[in-house]
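Student: Below you will find the structure I want to go over with you.
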Amino acid sequence: MEKIKEELSLLSVSLEFKRPDTKHSILYVADPICAWCYGFSPIFEKIREKYSDKIEFTLVLGGLKYGPEVETFSEDVTEKLKYLWKEVERVSKRSFHYDILQNRNIQYNSEPGSRAVITAQRIDPALSFAFLDKLLEGFHSKGKDPSSFETYSEIASELSISLDEFKELYYREETLLETRNDFNYGYILGVTGFPCLVFSDGLDRGVLTKGYSSFEEVDGLLGDYFRSIGQY
C-alpha cells in the first residue's frame, strides 16, 4: 500500500507541468459472479459518489469464469464457494444466501451475466454500475440464478429498461463479442484478480487496488494523490 502511495506521489511530481486538462479516470474491473466484487460494491459506490467531480468511472467486465473454465455447482465447487463466501461475509459484513449452493443446476459462468450488463450499458451507459450491483446482490444475497435470463429481466424492469429492447440486444452476436472484448481488455490491462481499480491521470495508467479494499484504503490513496497535485 505504501509503495502505491509513493508511486502516485512521484507520478504527480513528474507530470506537474504537463498534466492535461482532463478528468482523471478509473476503470473498475469486476465480474457478476465474483463474491469479493459483491462485498466491495457498497465501497465502490461511496468512492464514485465522493470523487464524481474529479474522476470518470468506467466499468470493464473481468471474466472470472468462462469458456473451458465454466463449472457446474458440484459438491466440490460449492464447498469452495461456501468457504469463500464466509470469508467475504466476515470481511465485508454483507450477507449471503447459502441455499443456492445446493442447486446443482446452477452454472458458475461469468459470460451470461456479463453479457446482460453489457446489454444494459449499451441501452444506457449510466445504468451499467446499477445493473451489475443488482446482479451481484441477486446472486449472492437473494439466491437468484446468475445465468438465467429471467434474473436479468427482473433487474431490467427494476431499472425501467424496455424488456423488448433488452432481449433483442442481449441475443445479438455483437453483444456477445463485446462481452468477450471486455474480458480480453481486462487481460491486456494486466488484471489478474477482481475487483480491481485501474487509475489514470490522463497520461499514465496503472493498477490502484487489486482485490477487496476498505473505503478508507481507497479513499486514502486517492486523497493523498489529489492533495499532492493541489486538487483536493
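The values are calculated or read from the model by the stated rules, or taken from the named source; none is laboratory data. This is a predicted model, so every value here is computed, not measured. Cβ coordinates were reconstructed from backbone atoms using ideal geometry, including for glycine residues, and neighbour counts include every protein chain displayed. Note: areas computed on protein heavy atoms with side chains; ligands, DNA, RNA excluded. Shrake-Rupley method; radii C 1.70, N 1.55, O 1.52, S 1.80 Å.
Student: Apply the Karplus parameterisation 6.51 cos²θ - 1.76 cosθ + 1.60, with θ equal to phi minus 60°, to every residue of the range 187-192 and state each ³J(HN,Hα) to the nearest whole Hz, in sequence, with x for glycine and proline.
Tutor: Result, rounded to whole Hz: 5, 5, 5, x, 7, 10.
Student: Leu59's amide H: which non-local residues (gap 5+, or another chain) put their own amide H closer than 5 Å, with H modeled 1.01 Å from N in plane and none for Pro or chain starts?
Tutor: Tyr28
Student: OK, next. Give me Rg over Rh for the chain, both radii from the alpha carbons and Rh done the Kirkwood way, two decimal places.
Tutor: On the way: Rg = 18.3 Å, Rh = 18.5 Å.
Here Rg/Rh amounts to 0.99.
Student: Could you please state how large a percent of the accessible area of the range 138-207 is carbon and sulfur, counting protein chains only and using a 1.4 Å probe?
Tutor: Carbon and sulfur together cover 46 percent of it.
Student: Amide H to amide H under 5 Å from His24: which residues, 5+ apart in sequence or cross-chain, H placed 1.01 Å off N in plane?
Tutor: Amide H to amide H, under 5 Å and 5 or more residues apart or across chains, His24 pairs with Glu56.
Student: Charges at C-beta only: +1 for Lys and Arg, -1 for Asp and Glu. How large is the resulting dipole of the range 83-232 about its Cα centre, in Debye rounded to 20?
Tutor: Here the range 83-232 has a charge dipole of around 420 debye.
Student: Something else about it: With every protein chain left in place, what is the accessible area per residue of the chain in square angstrom, probe 1.4 Å?
Tutor: Here the residues of the chain average 50 Å² of exposed surface.
Student: Equivalent-ellipsoid semi-axes (√(5λ), Cα gyration tensor) for the range 155-231, whole Å, largest first?
Tutor: Working: eigenvalues 220, 61, 32 Å².
Semi-axis lengths for the range 155-231 are 33, 17, 13 Å.
Student: Of Val60, Leu208, Leu135, which is farthest towards the positive pole of the chain's charge dipole, taken about the Cα centre with +1 and -1 on the beta-carbons of Lys, Arg and Asp, Glu respectively?
Tutor: Working it through, the farthest residue towards the positive pole turns out to be Leu208.
Student: Step through the table entries Lys80/Lys134; Lys167/Lys210; Lys46/Lys134; Lys23/Lys46, compare each Cα-Cα distance with 26 Å, and write down the pairs that go over it.
Tutor: As for pairs spanning more than 26 Å Cα to Cα, those are Lys167/Lys210.
Student: Restricting to the chain, what percent of DSSP beta bridges are antiparallel, rounded to 5?
Tutor: Close to 65 percent.
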